[in-house]
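Right, one structure below, let's go through it.
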Amino acid sequence: MLLLCLSDIHGEGAGIASALADGPAPDAVVLVGDLTHLGGAEEAARVVEPVLAAGVRVLAVPGNMDRPGVLAWLEERGLSLHGRGVTIGDVGLLGLGGSNPTPFRTPFEIPGPDARQLLEASWQSVSAARVRVLVSHAPPRGTHIDRTRAHLHAGSPEVRAFLEAHEVALCLCGHIHEAAGEDTVGGTRCVNLGAFKSGRYALVSVEPADPRPHITITWRSR
């Protein structure tokens, strides 16, 4: 399975068409939150509709900078992974949008108990899949990919605990723009995609295999 993965678009989605054209056709486009910059459904639609018009499947979670209308719009269109899972072939994708609480009181922050409940609910939908991929706007806490410019760990403790307790092959995240890169939590490969607003995105290939799936990350810039 080939996934075109973008995070932290912040309303600047004009380059997505070029990203789609720059390489093989993906099986799905995965949007890992912050589709808008403090925007609602209308701004999210401007980002996502051109991708749908190209005939490509879209799966998405909202980010902490997306207002509640974004989640409602994604759910109405059948695109949301927030608190749910979708299986495509042998790969189950599950999701958690928003972020853990921040000092900035952004529009979509989720208390720890609610995050745990949403993660477990999404797991139930994909537990039987051969390979599981978590799509979480917030990265796992205490990794190389959740460090802010002030060198503070700002990721989600709940996401980390979930990865340590469940067999997840890959975690795709964003949120902390300056922490783009990779790390590992337990047996899970974790990838912070960085900000598409700043030109970063990735093609991700996930191929089931024993004893572990083959995962290839091809970093791209625009």
By average C-beta atoms within 10 angstrom, highest first, the peptides 48-55, 143-150, 65-72: 65-72, 143-150, 48-55
For residue 93, residues with placed amide H under 5 Å, excluding near neighbours: 86, 87, 88, 133
Rounded if a/c under 1.5, otherwise prolate or oblate - the range 1-94, Cα gyration tensor axes: oblate
Range of Cα positions in the chain per principal axis (Å), largest first: 40, 39, 32
Charge tally in the Cβ shell below 13 Å around residue 165, where Lys, Arg are +1 and Asp, Glu are -1, residue 165 excluded: -1
Relative contact order (percent, whole number), the range 88-136, Cα cutoff 8 Å, 6+ residue spacing: 58
Electrostatic dipole magnitude of the chain [Cβ: Lys, Arg +1; Asp, Glu -1; Cα centre; debye, to 20]: 240
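Would you mind telling me the antiparallel percentage of the DSSP bridges in the chain, rounded to 5?
Within the chain, antiparallel bridges account for around 45 percent of the total.
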Amide N of the range 179-222 lying under 18 Å from the label point, which is placed 7 angstrom from the Cα of residue 2 along Cα→Cβ: 201-208, 214-222
Length released on extending from residue 56 to residue 214, taking residue separation times 0.36 nm less the Cα-Cα span: 54.6 nm
DSSP H segments from the chain that extend 20 Å or more along their own axis, Cα-based, with Kyte-Doolittle mean of -1.0 or above: 112-126
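Among 204-210, 56-62, how do they line up from the highest to the lowest mean number of other beta-carbon atoms within 10 Å?
Descending packing order for the listed peptides: 56-62, 204-210.
Just add up the charged neighbours of residue 190: K/R +1, D/E -1, any other residue whose Cβ is under 10 Å from the Cβ of residue 190.
Net charge in that neighbourhood comes out at -1.
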Alpha-carbon centroid distance for the pair the range 93-122 / the range 66-91, whole angstrom: 14
Whole-Hz couplings from phi, Karplus 6.51/-1.76/1.60, listed for the range 207-222; x for Gly and Pro: 10, x, 7, 10, x, 9, x, 8, 10, 10, 10, 10, 6, 10, 9, 10
Cys residues of the chain counted as unpaired, since no other Cys beta-carbon is under 4.7 Å: 5, 173
Mean separation of Cα contacts under 8 Å (6+ apart) over length of the range 10-94, as relative contact order %: 28
Global geometry of the range 50-120, whether rounded, prolate or oblate, following the gyration tensor of its Cα atoms and the 1.5 cut on a/c: oblate
Selection from 16, 153, 50, by position along the positive dipole direction of the chain (Cβ): 153
Coarse-grained scattering of the range 137-222 at q = 0.12, 0.14, 0.15, 0.20 Å⁻¹, given as base-10 log I(q)/I(0) from a Debye sum over alpha-carbon atoms: -0.34, -0.47, -0.53, -0.90
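Any read-out appearing in this document is the output of simple, stated calculations on the displayed coordinates, not a laboratory observation. Computed from a prediction, not measured in an experiment: that's the story for all the values here. Positions of Cβ are backbone-derived with ideal geometry, glycine not excepted, and every protein chain shown enters the neighbour counts.
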